[in-house]
1. Tell me the residue from 107, 81 that is closer than 19 Å to residue 139 by Cβ, modelled with pLDDT of 90 or more and assigned to a loop (DSSP other than H, G, I, E, B), please.
2. For residue 42, are the conditions met, namely being touching a strand residue (DSSP E or B) at 6+ places or on another chain (Cβ under 7 Å) and farther than 21 Å from residue 94 by Cα?
3. Do you know which residues across region 84-95 are part of a helix (DSSP H, G or I) and in contact with a helix residue (DSSP H, G or I) (Cβ under 7 Å, 6 or more places away or on another chain)?
4. Which of the residues spanning region 111-154 are in a loop (DSSP other than H, G, I, E, B) and in contact with a strand residue (DSSP E or B) (Cβ under 7 Å, 6 or more places away or on another chain)?
5. Could you tell me which of the residues 101, 80 is without any contact (Cβ under 8 Å) to a residue 40 or more places away in the chain, in contact with a helix residue (DSSP H, G or I) (Cβ under 9 Å, 6 or more places away or on another chain) and on the phi > 0 side of the Ramachandran plot?
6. Out of 73, 115, I need the residue that is assigned by TED's automatic domain parsing to the domain that holds residue 41, in contact with a helix residue (DSSP H, G or I) (Cβ under 8 Å, 6 or more places away or on another chain), surrounded by 15 or more Cβ atoms within 10 Å (Cβ to Cβ) and within 27 Å of residue 50 (Cβ to Cβ). Which one?
7. For region 97-104, does any single residue satisfy the condition of being in a loop (DSSP other than H, G, I, E, B), within 30 Å of residue 131 (Cβ to Cβ) and at pLDDT below 90?
8. Test residue 151 against the criterion of being more than 24 Å from residue 75 (Cα to Cα) and not assigned by TED's automatic domain parsing to the domain that holds residue 73, and give yes or no.
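The values are calculated or read from the model by the stated rules, or taken from the named source; none is laboratory data. Just so it is clear, the structure is predicted and the values come from calculations on it, not from any experiment. As a convention, Cβ positions derive from the backbone with ideal geometry for all residues, glycine included, and neighbour counts pool all protein chains shown.
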């Protein structure tokens, strides 16, 4: 009896407070279910992980370029093992992971060929004009350009 009481007391003291319990909206639950379904569909060999080839086959559809799909895979492959676990597949990427995903040669900087967002954006990001983007330049993007007088943005 004493162990039962101690066990219950430990659970009560160690459990997170109700305010910390995850509560998500219906939309968030639907999005999560969709993404979990996408992982299951992309995992063609059903080994519980998505390889680069499986990712490319699943996402290289329509207007998405191979370079973009490969970038998204590298950005999500946090441990660099060449496979995506369900956790890697489901979680959003940070700007640092996006930078690493574009840095195909792993030299810690982005060349014009590696940067996937186009020449104009590259010029705007490359503040020191050395023809490479450092992580610092990528993490601190320039402000959006203001429209010229009389020009409509949309």
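1. Unique residue meeting the criteria: 107.
2. Yes.
3. Taking region 84-95 and keeping what is part of a helix (DSSP H, G or I), we get 86-90, 95.
Answer for region 84-95, where residues must be part of a helix (DSSP H, G or I) and in contact with a helix residue (DSSP H, G or I) (Cβ under 7 Å, 6 or more places away or on another chain): 86, 88, 89, 90, 95.
4. Matches in region 111-154: 115, 126, 132.
5. Values: 101 fails: on the phi > 0 side of the Ramachandran plot.
The match here is 80.
6. It is 73.
7. Looking only at region 97-104, we keep the residues that are in a loop (DSSP other than H, G, I, E, B), and these are 103-104.
Then keep just the ones that are within 30 Å of residue 131 (Cβ to Cβ); that gives 103-104.
Imposing the further condition that a residue be at pLDDT below 90 reduces the set to none.
The answer is no, given that none of the residues of region 97-104 is in a loop (DSSP other than H, G, I, E, B), within 30 Å of residue 131 (Cβ to Cβ) and at pLDDT below 90.
8. Yes, satisfied.
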